[in-house]
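Taking it in order: structure first as structure tokens, then the write-up.
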Amino acid sequence: MNLGTVGTGWITESFIEAAKLSGKLNITSVYSRTEDKAKDLAGKYNAAHYFSDLEEMAKSPKIDAVYIASPNSVHFEQALTFLKNKKHVICEKPIFSNTAELEEAYRCAEENGVYLFEAIRNIHTPNFRILKEKLHMAGPLRSAILPYMKYSSRYDVFLQGEEPNIFSSTYSGGALVDLGVYPLFLAVGLFGEPKQVTYYPVILRSGVDGSGTLILEYQDFVCTILCSKISDSELPCEIQGEKGTFVLEDAAPISEIKFIDSHTKESEILSRAQEEKNMVYECIKFAEIIEKNNDQEYEQLKEWSKKVLRVTEEARKQSNIVFGVER
């Protein structure tokens, strides 16, 4: 399957490397607003074509699917451009700014007979599947604590008076939609959609959240998600049940899973070794869904993306975090 990419940042390069490793995606085209950057990236990864005109790229017969890793606020318009030209779209998380954009894009994908995916690496890893299959070992769940807190070098720039995309409401930034979505996808994939959502953010001068605590209320337990781009944490993730506790080294890419029995105190490592270029798993999954027209798995991924976006939208609404595309 021939793949094009939009964006020239490190995340795009990571996806290209994972795509090559998958053996299912052939990188033929790259796009950047700057022709020189597009040419350089194409040369680095032996892509035969490069573009600085998005409409021209979308019409190209040289691509079947596109991976979009541009600023969050332009995901929607760019995705529509490719969907209308009958290209499958893989859009980096967060897929869109709000649920209205998501619903319209899914309609457009369906009308044009193509697929639309959100690139969120942790839910496609082998260790996520293991965790989901083994979750019953914990018995009735009573609590979950899922941190993902990484100090961003872009925060130093922000403190100097600038406004990088990820800390900008104009570009639909903030800690919850950038990092919080990893543990949030984990929660939705394992526990389903919460009954109630409450968000306690640290709001920056730009109007977005630099960090925050997200409370997800379920029938018999509470899941607490900690996210930050202005501080670090070394805390592991924990999912606690009456029979035992799962300890995850991290929410993404879930590199290690340990289960500790509440009664015997014995521990067991359940995880397996994974590829260092862990985006390979989502590359394989998306390609297989397209190849096999696997609508059942596609609908599951769609539902998870919808539920996650509903949560982040509600959290932002409570905190009066308004993106530029919504003004």
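The values are calculated or read from the model by the stated rules, or taken from the named source; none is laboratory data. Please read these numbers as outputs of a predicted model, since none were measured by experiment. Quick reminder, even Gly has a Cβ in these numbers, built from the backbone with ideal geometry, and neighbours come from all protein chains shown. For the accessible areas, the whole protein counts, side chains as well, though only heavy atoms, and no ligand, DNA or RNA atoms are used. Shrake-Rupley method; radii C 1.70, N 1.55, O 1.52, S 1.80 Å.
Solvent-accessible area per residue for the range 220-327 at a 1.4 Å probe radius, Å²? List each step's numbers first, then the result.
Values: 5570 Å² over 108 residues.
Heavy-atom accessible area per residue stands at 52 Å².
Once C-alpha pairs closer than 8 Å and six or more residues apart are averaged by separation and normalised to the residue number of the range 22-140, the relative contact order reads 17 percent.
Couplings 3J(HN,Hα) of the range 281-290, computed from phi: 5, 6, 4, 5, 5, 5, 5, 5, 4, 5 Hz, in residue order, whole Hz [Karplus 6.51 cos²θ - 1.76 cosθ + 1.60, θ = phi - 60°; x for Gly and Pro]. Working from the Cα coordinates of the chain, the gyration tensor eigenvalues give, after taking √(5λ), semi-axes of 32, 23, 19 Å in decreasing order. What residues of the range 225-242 lie in the reach of a label at residue 151, counting those whose backbone N is under 16 Å from a point 7 Å from the Cα along Cα→Cβ? Within reach of a label on residue 151, which here means backbone N under 16 Å from a point 7 Å along Cα→Cβ, the range 225-242 contributes 228-235. Note on residue 266 and residue 219: their simple-model spin labels are 3.0 nm apart, each label 7 Å out from Cα toward Cβ.
Contact order for the range 95-210, expressed relative to its length and based on alpha carbon pairs under 8 Å spaced 6+ residues apart, stands at 22 percent.
Once neighbouring chains are kept in place and the probe is 1.4 Å, which whole percent of the accessible area of the range 152-217 is contributed by carbon and sulfur?
Working: 1060 of 2390 Å².
Roughly 44 percent, rounded to a whole number.
Under the definition of Cα pairs under 8 Å and six or more residues apart, what whole-number percent is the relative contact order of the chain?
Values: 684 pairs, mean separation 61.3, N = 327.
Relative contact order here is 19 percent.
If you stretched the chain out fully between residue 11 and residue 195, how much longer would it get, using 0.36 nm times the residue separation minus the C-alpha to C-alpha distance?
62.9 nm
Largest GNM mean-square fluctuation across 23, 174, 210, computed for the chain with C-alpha springs under 10 Å, falls on 23.
Net charge near residue 147, counting Lys/Arg +1 and Asp/Glu -1 over other residues with Cβ under 11 Å of its Cβ? Before the final figure, lay out the partial values.
On the way: positive: 150; negative: 232, 234, 238, 250.
Once all neighbours under 11 Å are counted, the net charge is -3.
Output the 0 to 90 degree angle, nearest 10, between the alpha-carbon long axis of helix 181-191 and the longest principal axis computed from the alpha carbons of the chain. Compared with the principal axis, the helix lies near 60 degrees.
Ignoring any ligand, DNA or RNA, what whole percent of the accessible area of the range 240-282 comes from carbon and sulfur when the probe is 1.4 angstrom?
Details: 970 of 2350 Å².
Looking at the range 240-282 in its full context, I get 41 percent from C and S.
Here the 3J(HN,Hα) profile of the range 219-231, calculated from phi with Karplus coefficients 6.51, -1.76 and 1.60 at θ = phi - 60°, is 4, 10, 7, 10, 10, 10, 10, 10, 9, 7, 10, 10, 7 Hz, Gly and Pro shown as x.
Computed from Cα positions, the angle between helix 10-22 and the longest principal axis of the chain comes to roughly 90 degrees. Angle of helix 99-111 to the longest C-alpha principal axis of the chain, folded into 0 to 90 degrees and rounded to 10: 50°.
What the phi angles of the range 30-46 give under the Karplus curve with 6.51, -1.76 and 1.60, with θ = phi - 60°, is a coupling list of 9, 10, 8, 4, 9, 4, 4, 5, 4, 5, 5, 5, 4, x, 5, 10, 6 Hz, glycine and proline written as x. Helical runs assigned H by DSSP (4 residues or longer) give the chain a calculated mean residue ellipticity at 222 nm of -11000 deg cm²/dmol, each run adding -39500 (n - 2.57) before division by the residue total.
Could you list the residues of the range 273-301 with an amide nitrogen less than 20 Å from a label point located 7 Å from the Cα of residue 137 in the Cα-to-C-beta direction? Counting backbone N atoms under 20 Å from the label point, the list is 273-275.
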